[in-house]
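Values in this text are rule-based calculations from the coordinates and carry no lab data. These numbers were taken from a predicted model, which means no experiment stands behind them. Counting neighbours? That spans all protein chains shown, and the Cβs are built from the backbone with ideal geometry, glycine included.
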Amino acid sequence: MGAPDLEELVEGVTAGRRAAVARAITLVESTRDDHRRQARELLRRLPAPEVPAVRVGISGVPGVGKSTFIEALGTLLTAQGHRVGVLAVDPSSTRTGGSVLGDKTRMGRLAADEHAYVRPSPTAGTLGGVARATQQAMLVLEAAGYDVVLVETVGVGQSEVTVAGMVDTFCFLTLARTGDQLQGIKKGILELADVIAVNKADGDREAEASSAARELSGALRLVHHLDARDGAPWVPSVLTCSALEERGVEEVWAQVLAHREHLGRDGLRSKRAVQQLEFTWALVRDELARRLTASPGVARVRGEVRDAVLAGAMPATEAADLLLAAYDETPRAAPGDAAGAPGPEAPAS
Ligand code: GDP
């Protein structure tokens, strides 16, 4: 993509043209080096919105009703005059190529809404890579005038933490569980969540959902009491909703806005700043891991080290030191220099 193309892309995204938004997101999802450079340049040129967009994470186990909820919420918001972007971070798609979040035809109504943009999750790369793509896609959407961005993720391990690290407010959807089942909800998620909703509170499950919400609310008070840091802590409320019948969804949104209000303008700014710093290091770690894997020096010794460790002939600590030394020395060691002495920036000749 040449410079005039990039200019056209900036213009198209800023004007909110869907085709340009789609192309821009494809660009930021690409892992090719030249694309990465172009993506950086694109993001530099895209204007930030005057009012920060509302970034919301939506998490929960497969089947809890995330898509149904996002469709209901998104439709509600576009009817109120918002422009809604939907992104997904789906670790399963990065591992298997198949997606737990599924193809986004599930959000058919929202996808067809001219005030909404639903992007299927990127299907390749590490979680770090997907996070990088999603962060940048978020900026593209915001530059295109989407004032609400919903990031969907499956309630599986690290992806929740990743998404919580890129949104202003993190919503956790759950199903009616009480007593022992409550233990099944990881404490970690209760600490991450800013808003919690017990979904499928409809039909004969309504009463069950309400009592589950009360119980969860009690459990939360404990978590947040122990965790209360500075000032008045935000204790998430536990609501009930039916995404299918579109009841309670507006109340969940009201809590998202209340959380935003609680953060305040400065709080939001500093939360985002800290997120950026953490993300910076996540990107560095990701890149280092990639370089480690690609390092010729490591490749040279890895088989040997592996065999020695498996045979019980080398302790892990020593093996790790050896691999790291092989990594450190690679770029500076001149070919044929068996000792791999880390000399001054010797040109590889
Ligand atoms: P996801 O995997 O979390 O995205 O879940 P989906 O949105 O695909 O929903 C999974 C199933 O639960 C679908 O059959 C939905 O129709 C159903 N579902 C979602 N929300 C509700 C709800 O509020 N009440 C009921 N009864 N079913 C729901």
Exercise. Return the FRET efficiency for the residue pair ARG272, ASP328: r is the Cβ-Cβ distance, R0 is 35 Å, and the value is rounded to the nearest 0.05.
Key: 0.50
Exercise. Give me the number: length gained by fully extending LEU257 to ALA79, i.e. 0.36 nm times residue separation minus the C-alpha to C-alpha distance, one decimal in nm.
Key: 62.4 nm
Self-check item: Spin-label model distance (nm) - THR26 vs LEU283, 7 Å beyond Cα toward Cβ
Solution: 2.3 nm
Quiz item: Going 7 Å from the Cα of GLU7 in the Cα-to-Cβ direction, what parts of region 30-63 have a backbone nitrogen less than 19 Å from that spot?
Solution: 38-47
Quiz item: How much length is gained on full extension from ARG40 to ALA19, taking 0.36 nm per residue of separation minus their Cα-Cα distance?
Solution: 5.6 nm
Exercise. Please list the non-local residues whose amide H lies under 5 Å from the amide H of THR240, H modeled 1.01 Å from N, same-chain partners needing a gap of 5 or more.
Key: VAL198
Quiz item: Using a simple spin-label model with points 7 Å from Cα along the Cα→Cβ vector, what separation in nm is obtained for ASP321 and ASP307?
Solution: 2.2 nm
